[in-house]
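The next block holds one structure in the form of structure tokens; read it before the comments.
Values quoted throughout were computed directly from the atomic coordinates according to the rules given, and no laboratory measurement underlies them. Since this is a predicted model, take the numbers as computed values, not measurements. So basically every Cβ, Gly included, is an ideal-geometry build from the backbone, and we count neighbours across all protein chains shown.
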Amino acid sequence: MKVLITRAEQEAERLARTLGARGIATTIEPLMAIRFLPQSAQHLAPFLTGVQAVLFTSANGARAFAAATTRRDFRAFAVGDATAGAARAAGFTTVVSAGGNVEDLAARVIASLKPADGALIHAAGSVTAGDLAGLLGAAGFTLRRAVLYEAVPADQLSDALRMELERGEIDAAVFFSPRNAATFARLAAGSRSACTRIIAVALSAAVAAALGTLPWRQIVTAAAPNEAALLEALERSLETERSA
């Protein structure tokens, strides 16, 4: 059994190690290239005054923030465990994981902090999902969105992956964001027949919807919007295939 990982390179390699430890072979095809914006440090500096916490909705946000400033004295709130791990690796000592999606992150912040104690910073990419500002604003918080990086979609699939697809070597593929899923659906339009042999495992219903233009063998959606639930759904699907 071989699983296709379409995340940006650093996250893809980490996930490949996790799956490898579980005896699952992988192939990596990054569909997004992460680029830290050159003006990030200058852009971020004015946002830091009067801040009580920094919010990370992706591991790349944590890394981009760490690259833009040496400040690590803020409380950090992360959307999920993988993002929390990236924040800790970047040097943050007080890190809280919401273990889910943007809505879970907002709920955790609202339950943990008070608006009167200061503003919040969202270390964001140029494209974001969910309405973090709206959710927190409704609770009285001031959220400063600092755009520190961009995710640039691939413009084609590699020849190596196309050959693997056509040879039927990919049994499953995992997708973590609607944008990533839509990019694959667009680039793989010429390999539709190959997708009929592949199980697509999606982090959420929104991700699954973005995959719907391809004729997958099956689309499986994780029970919760986090990596642990996605991996559980993947392993369950692969086990069912082995038993068939």
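Miscellaneous remarks
- Condition check for Leu231: closer than 20 Å to Thr83 by Cα and assigned to a helix (DSSP H, G or I): yes
- Unmet criterion (only one of (1) closer than 30 Å to Arg236 by Cα; (2) hydrophobic (A, V, I, L, M, F, W, C); (3) crowded, with 16+ Cβ neighbours inside 10 Å) for Ala90: (1)
- Residue that is small (Gly, Ala, Ser), part of a helix (DSSP H, G or I) and out of contact with any Ser or Thr (no Cβ under 9 Å at 6 or more places or on another chain), where the choices are Gly100, Gly134: Gly134
Yes or no, residue by residue, for (1) more than 14 Å from the chain's Cα centre (by Cα); (2) more than 30 Å from Ala116 (Cβ to Cβ):
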{"residue": "Leu15", "(1), (2)": "no, yes"}
{"residue": "Thr18", "(1), (2)": "yes, yes"}
{"residue": "Leu37", "(1), (2)": "yes, yes"}
{"residue": "Ser58", "(1), (2)": "no, no"}
{"residue": "Asp73", "(1), (2)": "yes, no"}
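- Evaluation of Ala12 against (1) more than 30 Å from Ile170 (Cβ to Cβ); (2) not in a strand (DSSP E or B) (one fails), failing number: (1)
- Given (1) part of a helix (DSSP H, G or I); (2) under 29 Å from His122 (Cβ atoms); (3) in contact with a helix residue (DSSP H, G or I) (Cβ under 7 Å, 6 or more places away or on another chain), index of the condition Gly140 fails: (1)
- Within segment 103-127, tally of residues that are of a type outside the set (Gly, Ala, Ser), surrounded by fewer than 17 Cβ atoms within 10 Å (Cβ to Cβ) and not in a helix (DSSP H, G or I): 2
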